[in-house]
1. Do any residues in segment 59-85 that are in a loop (DSSP other than H, G, I, E, B) have Cβ atoms under 6 Å from those of residues that are open to solvent by 100 Å² or more (accessible area, probe 1.4 Å) and of a type outside the set (A, V, I, L, M, F, W, C), where the two are at least six apart or on different chains, and which pairs are they?
2. E86 fails exactly one of the following numbered conditions: (1) surrounded by 15 or more Cβ atoms within 10 Å (Cβ to Cβ); (2) modelled with pLDDT of 90 or more. What is the number of that condition?
3. Among G164, G112, which is the only one that is open to solvent by less than 20 Å² (accessible area, probe 1.4 Å) and modelled with pLDDT under 75?
4. Identify all residues within segment 178-208 that are touching an Asp or Glu at 6+ places or on another chain (Cβ under 8 Å) and free of Cβ contacts under 8 Å to residues at least 60 places away in the same chain; write none if there are none.
5. Which condition from (1) at pLDDT below 85; (2) over 15 Å from the mean Cα position of the chain (by Cα); (3) of a type in the set (A, V, I, L, M, F, W, C) is the one that L133 breaks?
6. Only one of (1) closer than 26 Å to Q153 by Cβ; (2) at pLDDT 85 or above fails for K71. Which number is that?
Amino acid sequence: MNSIHINHTFCTSCTLPISVCICALAPNLQLPIATHILFHPNELQRRNSSGRLLKNCLKIESTVWHRLKNKELENTFKDFALLYPEEKTRKTDSDPLTSSFKSQNPTLIPKGFLWLDATWQESRKMLRQSPWLDKLPKYKISAYTGKDLPESQYILRRNQTSEGLSTIETFAYWLHEQNQPNNAQDLLNFFNQFQSAFLKARNSGQFK
C-alpha cells in the first residue's frame, strides 16, 4: 500500500496550520509608546518564536540584528530603553530603569522600548557583540499585580532559564505596568491559545 503525503497549508501570520489558525483571536493593542523588536536572525526561522507571533499578528515594528550593522542600529535605537532582566552578577555601565526609578527620574523617560527576541544564549551574544545595545538603559519589570512576576508559562521550548520570560510574556507584563491590565491579560490569553494550537498541530504530525 502506497503512503499518502498530505501537504498542510500554513498561515503566513501565526505560522500555524490553517485548520488551527488563531489570528482572528489576536487582541487589538493600543500601545502607549514606541515599541520595537530586535530579532536574532535565527529566531525568524522558528515557528515557536513568541516575538515572531507579536510581529506577525499584532504588527509591531521589528528589525533583524547583525553585528556588522551596529552603527546603523545604534543610531536607530538611540534613547530607547531595553527590556532585559538585570543580572546581579553582571556589571555594565547601563542604568536599571524600573517603574519606580523612572517616576523619580522623569528625564530618563525613553523614546521607546526595545525587546530582544532570541534564546537566552543568543541574547547574551547580541549584547557582547553590540556594545551600544548593552549600554542602553535597562528596563526591568519588577512586579505584577503587586506580586513578584510569575514563572514563565512558555512550554514550547526546552532548556529555558527559571527566571526567563518569553518575549510575549514580558510584553504583556510591561503593558500592565503601562496601566493596560486588560490588554495585558488579553495578550497572555492569546499566547496560551497559540501554545495550545501549536501543540495540537505538532502532536498530530502537521509540522512534519
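1. Going by the 6 Å Cβ cut-off, the qualifying pairs are D79/K111.
2. Just one mismatch for E86, condition (2).
3. G164
4. Of everything in segment 178-208, just one residue is touching an Asp or Glu at 6+ places or on another chain (Cβ under 8 Å) and free of Cβ contacts under 8 Å to residues at least 60 places away in the same chain, namely L188.
5. Only one criterion is unmet by L133, namely (1).
6. Going through (1) closer than 26 Å to Q153 by Cβ; (2) at pLDDT 85 or above one by one, K71 breaks only (1).
The values are calculated or read from the model by the stated rules, or taken from the named source; none is laboratory data. Please read these numbers as outputs of a predicted model, since none were measured by experiment. For neighbour counting, all protein chains shown are included, and Cβ atoms are generated from backbone atoms with ideal geometry for every residue, glycine included. Accessible surface is based on the protein model in full, side chains and every heavy atom, while ligands, DNA and RNA are left aside. Shrake-Rupley method; radii C 1.70, N 1.55, O 1.52, S 1.80 Å.
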